[in-house]
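Single-structure report; data block below.
FYI, it's all coordinate maths here, none of it is from the lab. Predicted model only: the values in this text are computed from it and were never measured. Cβ atoms come from the backbone with ideal geometry, glycine included; neighbour counts cover every protein chain shown.
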Amino acid sequence: MNNIKQAVILVGHGGLPKDIPQQVVESFMKVHKQRIRSGAAITNQEKELESTIRNWKRTPESDPYQAGLENLASYMEPNLDGYILKTAYNEFCHPSIETAVDELSQEGISKIIIITTMITRGGSHSEVEIPEELKGLREKHPNIDFQYAWPFGMDSFALFLTDHIKSFQPMPTANIN
């Protein structure tokens, strides 16, 4: 019998809820950009503002992106027999990848596959930030086998998009004479 408890974390980018006060977002962006430019350590002010944004109460109307990722997960879950499925967000939404991993760790998960909806190469989130975060999570949770299911095979993704495009072609009409 297989005693390995496995999970998948579906990672989306994350978005800002429509009803969050603009002042909160502007304050966060200001301190975040200043820190990035200066290379300084994250401040308590930035942590508090990020927490406010991530934990903002959301609805499908106020955050259609989050609702969309959760909907995708609901379609994936029946096909992932033997896995626990969680969603997480690179930024702006709760839970973060770290929070999702911490929760799964408490459930005794021994293998986690991370997959992102960010498909193509060239994005800092999928190419740099997620791998860096996974490095830290591997140190924090040495008993968990982490796999990052990225990059995607462009052949299969291109075929998926091509097939989808073809579904929008008009149906051939019969020649009636």
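Quick one: plug the Kirkwood hydrodynamic radius of segment 35-137 (C-alpha pairs) into Stokes-Einstein at 20 °C, 1.002 mPa s, and report D in µm²/s. My calculation gives 138 µm²/s for D. Per the Debye formula on identical point scatterers at the alpha carbon atoms of segment 106-172, with no solvent, log10 I(q)/I(0) at q = 0.17, 0.28 Å⁻¹ is -0.72, -1.20. Helix 64-76 axis versus longest C-alpha principal axis of the chain: approximately 60°, rounded to the nearest ten.
The amide H of I114, built 1.01 Å from its N in the peptide plane, has I9, Q147, Y148, A149 as neighbours under 5 Å, considering only residues 5 or more places off or on other chains.
In the P(r) worked out for segment 82-141, what percent of Cα pairs fall beyond 19 Å?
29
Dipole check for segment 65-170: with +1 at the C-beta of Lys and Arg, -1 at the C-beta of Asp and Glu, and the Cα centre as origin, the magnitude is about 240 Debye.
Take the Cα of V25, step 7 Å toward its Cβ, do the same at E129, and the gap between the two points is 1.6 nm. Between E91 and T52, the modelled labels are 1.7 nm apart [label points 7 Å from Cα along Cα→Cβ]. The residue among G122, P151, L85 whose Cα reaches farthest toward the positive pole of the charge dipole of the chain, with charges on the beta-carbon of Lys, Arg, Asp and Glu, is G122. Dipole magnitude for segment 1-70: computed about the Cα centre from +1 point charges on Lys and Arg Cβ and -1 point charges on Asp and Glu Cβ, it is near 260 debye.
Where the centroid of each part is defined by its Cα atoms, how far is segment 8-72 from segment 101-154 in Å? Measuring centre to centre over Cα atoms gives 20 Å.
Considering only P17, L104, S74, the residue lying farthest towards the positive end of the dipole of the chain is P17, judged by Cα position with unit charges set on Cβ.
I need the peptides 78-85, 106-113, 10-17, 161-168 ranked by packing, meaning the mean over residues of other C-beta atoms within 10 angstrom, with the highest value on top.
10-17, 106-113, 78-85, 161-168
Applying the criteria of a DSSP loop state and at most 14 other Cβ atoms within 10 Å to the trypsin sites (Lys or Arg not before Pro) of segment 1-35 yields K18.
Are there GluC sites (Glu not before Pro) in segment 30-83 that DSSP puts in a loop and that have at most 11 other Cβ atoms within 10 Å, and which ones?
Loop-located and lightly packed - E61.
Only alpha carbons enter this Debye calculation for the chain, each as an equal point scatterer, and the log10 of I(q)/I(0) it gives at q = 0.11, 0.13, 0.14 Å⁻¹ is -0.59, -0.79, -0.90. Pairs spanning more than 24 Å between alpha-carbon atoms, out of K86/K166; K57/K86; K5/K86; K5/K140: K86/K166. Here the chain is assigned +1 on the Cβ of each Lys and Arg and -1 on the Cβ of each Asp and Glu. Its dipole about the Cα centre then comes out at about 300 debye.
DSSP beta bridges confined to the chain are antiparallel in about 0 percent of cases. Based on Cα contacts under 8 Å between residues 6+ apart, segment 20-143 shows a relative contact order of 17 percent.
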